[in-house]
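A short write-up of the structure that comes next.
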Amino acid sequence: MAYQESIDAGGAAHHLPRVRTIGPRDLVDALAKGIDDFRAMPTQVIFLCLIYPIAGLILARMAFGYDLLPLLYPLASGFALVGPVAAIGIYELSRQREQGREPSWTHAFDLLQADSFRAILALGLTLLALFALWIAIANAIYVAQFGYGSPASMSEFTEQVLRTDAGHRLILIGNAVGFLFALVSFCISVVAFPLLVDRDLSAMAAAATSVKAVVHNPLTMALWGLTVAVVLLIASLPLFAGLAVAIPVLGHATWHLYRKVIVPDLPRREVHPAEPKGPRYAADFPAVLFPVHDKPPRQ
């Protein structure tokens with residue numbers, strides 16, 4: 001029942017939070033506050049975002065070593081589709097700092113105890129599915145232009161793309177299709193994950209509220225999407241290393257953007273404290289690895 005509620009907007013559709021009208025100055029302020037949050041807790045958020053440069057290096061190795069070179073650009077640009085998922089812990093850190101608490105990277109995992117965790121998981125899986133579909137379509141576009149063969153080197157691939165009619169079509173069609181995927185992902189997630197971190201509601205209701213915010217502020221949100229895309233592109237150039245800073249800054253800024261655009265109509269989410277665990281003994285290994293081991297025996 002809980003899982004069904006997490007993915008079904010149901011009766012909550014008419015209880016969507018209200019949205020405000022914002023302008024470019026609000027985006028500048030959100031970025032400034034995001035940078036301030038990053039400066040206040042840089043080690044925690046860098047730890048949470050190390051997965052990005054590491055994943056980037058792995059993707060680069062795969063592309064150059066296993067004939068996946070044509071997919072290097074779609075893989076890199078696809079990071080923007082799943083970026084909101086990786087920034088979930090960052091939203092939680094900004095939320096706790098906003099409440100005057102002393103945040104630590106371990107507190108990012110408090111979300112695992114939240115009632116909204118299933119909704120966060122459902123929406124995250126939706127974005128991952130979009131990412132997988134984008135990679136499949138990007139590969140199909142390349143095959144339609146150049147066939148199933150792969151270029152032997154980076155220079156050959158660059159020559160194909162930049163100096164042939166097929167390459168020009170690849171750039172035009174690929175970027176057009178990629179833009180549509182980015183647009184869908186942006187609309188359903190721009191404030192959906194911060195909303196789920198802060199409030200208890202369904203994944204579909206959060207996505208609908210995000211779309212509502214975009215429709216209510218089309219030009220401002222378009223400017224925000226362009227800002228995010230440019231920052232991620234620049235941060236990806238040195239082998240994705242810049243993402244370890246760009247992702248947390250944008251994550252914190254997105255939290256403050258959410259605060260500006262969404263009216264707090266709904267009650268705050270509750271985090272249920274974990275039950276105290278009993279003593280563990282070496283003889284119990286590997287049973288101690290499973291949660292059922294910590295449950296007290298029935299009376």
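Readers should treat all values here as calculations from the given coordinates under stated rules, not as data from a laboratory. The structure presented is a predicted model; accordingly, all values stated were derived computationally and were not measured. Methodologically, a virtual Cβ is constructed for each residue, glycine included, from the backbone with ideal geometry; neighbour enumeration extends over all protein chains shown.
Here each label is just a point 7 Å from Cα along the line to Cβ, and for residue 140 and residue 169 those points are 1.6 nm apart. A simple spin-label model places the labels of residue 21 and residue 153 5.8 nm from each other, with each point 7 Å out along Cα-to-Cβ.
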